[in-house]
Amino acid sequence: MATDVDPAQGTGSNSTRAGQQSYRFHLPHVHLASVFGDDWFALKAESFARFFGTPVFLIGQTVIVAVWILVNIIGFTTFDIYPFILLNLAFSLQAAYAAPLILLAQTRQADRDKCHAMADAEHREALHRVSEDRQLVATQQTALLLAMVQQNTQLTETIKSLTERVEALTIEVHTSVVKSMDSRK
């Protein structure tokens, strides 16, 4: 991934920031870019190998072969007569170069896919860890809340028993005071 953005600083143009944002989970794998062969030959070979599978190439090749055969059969020229040995040689040469180029493109794509899969797996693992952490915090908060409810219940029961005791003592003191006042009279 070649951008003008410094991942640590996050500076650059808006389009580069958007590109950087879309690959934020792939940043740890940026150093692997050379594995894909970033030299001009590898890039040109890959683009050429990708061109082999396009309809433009297939239709163009079919037209050239048809014209080649037609020109030699009709007799406009006879540089490659009927078993078309030169045409077979051209196809062999094309296959000899196409196969390694296609393998190069497949190897480069497999390397990219592997790095993307590793980055995606690490991202899923990070999400899983965050989810587990959230569940742990939620469990701890629930346990804390239950403990607080139990403490509140115990305090309420204690206050109730103390209130009943104070009421009983108040009645007892009141009775005692009333008796002592009646005995004085």
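The values are calculated or read from the model by the stated rules, or taken from the named source; none is laboratory data. Keep in mind that this is a model prediction, so the values were computed, not measured. In this analysis, Cβ positions are derived from the backbone assuming ideal geometry, glycine residues included, and neighbour counts consider all displayed protein chains.
For the reader, a short list of remarks on this structure follows.
- Complete set of residues in segment 61-86 that are closer than 24 Å to residue 51 by Cβ and without any contact (Cβ under 8 Å) to a residue 12 or more places away in the chain: 61, 62, 63, 64, 66, 67, 86
- Only one of the listed residues (133, 111) is in a helix (DSSP H, G or I), at pLDDT below 90 and surrounded by 10 or more Cβ atoms within 10 Å (Cβ to Cβ). That residue is 111.
- Tally, over segment 65-91, of residues that are under 54 Å from the mean Cα position of the chain (by Cα) and on the phi > 0 side of the Ramachandran plot: 1
- Within segment 150-160, not a single residue is part of a helix (DSSP H, G or I) and within 30 Å of residue 53 (Cβ to Cβ).
- Filtered residue count, segment 70-89, keeping only those that are under 30 Å from residue 105 (Cβ atoms) and surrounded by 12 or more Cβ atoms within 10 Å (Cβ to Cβ): 3
- Only one of 66, 105, 99, 95 that is in a helix (DSSP H, G or I), surrounded by 11 or more Cβ atoms within 10 Å (Cβ to Cβ) and at pLDDT 85 or above: 99
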